[in-house]
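Since the structure comes first, as structure tokens, the remarks are kept for the end.
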Amino acid sequence: MRHSTRNLLLVACLLFVFVPSLEAAGATKEAAEYHTVVKLIESYYHVKHRGVPMLANLSLKTAKVLSADVRKAMRFGDFKLAIFEDQDFTTRDGFIEFHRLLRQTLEPDWSTLLAVRGRDEGQTYTFVKDAGERYKVLIVVIAERDGTVLEVDLNREEFVKLLKDPEQETKNINDEATRAANEDN
């Protein structure tokens, strides 16, 4: 009897130690996907991004927790945002090649929802991934001089809106996150 209790305690301790690290590894993989996309843009176009400062991101998350009005105004949960300002995205002409590299980076976990490419409109790519109760949405927008990479968590209601009008909702989500990040700077 004592051996089985000791073994049970040993298994419980091992689970306590290793399960959180396995969950962290999953979260690290998801964060790695976002960072890999940012690095792909930097290397492909030879540009540098600026992220949302940690203090601004923390204050936005705190406001979302404390204020019901802010929670209602923000249509999404946690987000990661990289901003490319005053950069030259005209150095490479390979819209199709860039999209291929982007898909290759994100597959098989992410599915392409929207891909708009053109000289006048720039490039907009929206990828989605089912994350249980929520959906992860990764939006990449590249214009002639500016760009953003945004990853957000959407609830089912907001995700349905995105499916109804992907082009407009992609723009709305990107604008909202960029505006929120700029207000905190």
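Across segment 119-135, the residues whose backbone nitrogen lies under 20 Å from the label position 7 Å along the beta-carbon direction of residue 109 are 125-135.
Rounded to whole numbers, the Karplus 3J(HN,Hα) couplings from phi for segment 134-147 are 10, 10, 8, 10, 10, 10, 10, 10, 10, 10, 5, 10, 9, x Hz, using 6.51 cos²θ - 1.76 cosθ + 1.60 with θ = phi - 60°, and x at Gly and Pro. Taking 0.36 nm per residue of sequence separation and removing the Cα-Cα distance, the residue 46/residue 157 pair yields an extension gain of 36.2 nm. Other residues within the sphere of radius under 11 Å centred on the Cβ of residue 125, judged by their own Cβ, net out at +2 (K and R +1, D and E -1).
Readers should treat all values here as calculations from the given coordinates under stated rules, not as data from a laboratory. Small disclaimer: the values here were computed from a predicted structure and weren't measured. All Cβ positions, glycine included, derive from the backbone under ideal geometry; neighbour counts span all protein chains shown.
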